[in-house]
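The values are calculated or read from the model by the stated rules, or taken from the named source; none is laboratory data. Being a predicted model, the structure only gives us computed values, none of them experimental. Every residue, glycine among them, receives a Cβ derived from its backbone with ideal geometry; neighbour counts consider all protein chains shown.
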Amino acid sequence: MEQLNQTILHGLDLPLGWLLLLPRDVSVFVFSLLTALLMTAVRRWFTDQHLLHRCANDLRQLRQLDRRAKQIADKPQRQRLRRTVAMIKQMQLPEDMKLLAVVIVPVAVLAIWGAERLDYRPPRVGEELIVRAYFPISSVGGVTHLIPVNGVEFVSSPIRIIQSDQQSPKAGMAEWSVRTTSATDELRLTIRHRNESVVHRVAVGRTTYLPPQMLHANERLTATEVLLKRYRPLNLNLTTESFGLPPWMFGYLVLTLLLVPSLKRMLRIA
């Protein structure tokens, strides 16, 4: 799966990488527009537009008839109209399923690229970073240290005492504050505890970022993290993470859902 993600990222960085040079709000808007254009084009070329236009026209007429029947309280007429509407929507359903079958893979690929490129703001040179390492509860009270490396200034001591993790009482955590001094594609931060050593990679001063969390196949030094600033559309404090949706994805979905019907009307696509 990791190899597939990397293939997708490298494959889409060439046509889409220029979006990362724009302000993040503009990037997400253009990304949503491109997705909406893709979905609209697929609908135009892979569905029966003649059938869908006739269905849309019939539904508009039925809505008008339903409003008139409602005004005169003609319940039997409204029931007949509802049955007719249901029949028309059944005719539309195969075309909608055809659209879904065609777009699901390219839209999923775009979503993978967006999740790895738009979710966080890449760290800048001179920015203070918080580095964390996680341990089992048995390591609490022990010593761990972050190895000094070129391109990093320590704001806090490189040697830390492992504390109980407030977010997970059954685990331990150590935290460092560092400041980067130069741009690099791969800053390698080495953390050691007892006889274990791990490397956490960070990209600094680039348009992209490396994954902020890393898991390690160790007995004690099990995970590391660099706290990156999460992108939030229009700097709104959207708490969408509580239901499993990162803020960038929320903005992306809302924009795409607004743009698709607008493009359909502009291009006269049913």
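Summary of computed values
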| read-out | value |
| --- | --- |
| Some residue of the range 251-268 being in a loop (DSSP other than H, G, I, E, B) and loosely packed, with under 14 Cβ neighbours inside 10 Å | yes |
| Positions within the range 177-203 being farther than 15 Å from R160 by Cβ and not in a strand (DSSP E or B), in sequence order | T181, S182, A183, N195 |
| Subset of the range 1-57 that is surrounded by 18 or more Cβ atoms within 10 Å (Cβ to Cβ) and polar (S, T, N, Q) - its residue that is farthest from R206 (Cα to Cα) | T47 |
| Leading residue by the ranking (nearest to A108 (Cα to Cα)) among those in the range 223-250 that are out of contact with any Pro (no Cβ under 9 Å at 6 or more places or on another chain) and crowded, with 17+ Cβ neighbours inside 10 Å | M249 |
| Residue, farthest from V152 (Cα to Cα), within the range 114-133, restricted to residues that are among the hydrophobic types (A, V, I, L, M, F, W, C) and in contact with a Phe, Trp or Tyr (Cβ under 9 Å, 6 or more places away or on another chain) | A115 |
| Top-ranked residue in the range 240-254 [being under 11 Å from the mean Cα position of the chain (by Cα) and among the aliphatic types (A, V, I, L, M); ranked as farthest from S27 (Cα to Cα)] | L245 |
| P169 in the same structural domain as F135 (by TED's automatic domain parsing), closer than 21 Å to T222 by Cβ and modelled with pLDDT under 95 | yes |
| Where a residue in the range 204-220 is part of a loop (DSSP other than H, G, I, E, B) and its partner, wherever it lies, is loosely packed, with under 14 Cβ neighbours inside 10 Å and basic (K, R), with Cβ under 8 Å and at least six apart | G205/R124 |
| Test for M97: is it touching a helix residue (DSSP H, G or I) at 6+ places or on another chain (Cβ under 9 Å) and over 18 Å from W248 (Cα atoms) | no |
| Single residue of the range 112-163 satisfying the filter (of a type in the set (F, W, Y) and touching a residue at least 40 places away in the same chain (Cβ under 8 Å)) that is nearest to Y231 (Cα to Cα) | Y120 |
| Enumeration of residues in the range 148-206 that are acidic (D, E) and under 31 Å from the mean Cα position of the chain (by Cα) | D165, E175, D185, E186 |
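For every residue, the table says whether it meets (1) charged (D, E, K, R); (2) in contact with a Lys or Arg (Cβ under 7 Å, 6 or more places away or on another chain).
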| position | (1), (2) |
| --- | --- |
| L93 | no, no |
| K98 | yes, no |
| W113 | no, no |
| P123 | no, no |
| V140 | no, no |
| F154 | no, no |
| A174 | no, yes |
| T184 | no, no |
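Here is a yes/no grid of residues against (1) within 30 Å of T208 (Cβ to Cβ); (2) in a helix (DSSP H, G or I); (3) among the charged types (D, E, K, R):
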{"residue": "H10", "(1), (2), (3)": "yes, yes, no"}
{"residue": "P15", "(1), (2), (3)": "yes, yes, no"}
{"residue": "W18", "(1), (2), (3)": "yes, yes, no"}
{"residue": "L38", "(1), (2), (3)": "yes, yes, no"}
{"residue": "V42", "(1), (2), (3)": "yes, yes, no"}
{"residue": "L52", "(1), (2), (3)": "no, yes, no"}
{"residue": "R63", "(1), (2), (3)": "no, yes, yes"}
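Residue by residue, here is whether (1) part of a loop (DSSP other than H, G, I, E, B); (2) modelled with pLDDT of 95 or more; (3) surrounded by 14 or more Cβ atoms within 10 Å (Cβ to Cβ) holds:
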position	(1), (2), (3)
G126	yes, no, no
V131	no, yes, yes
S138	no, no, no
G141	yes, no, no
P148	yes, no, no
E153	no, no, no
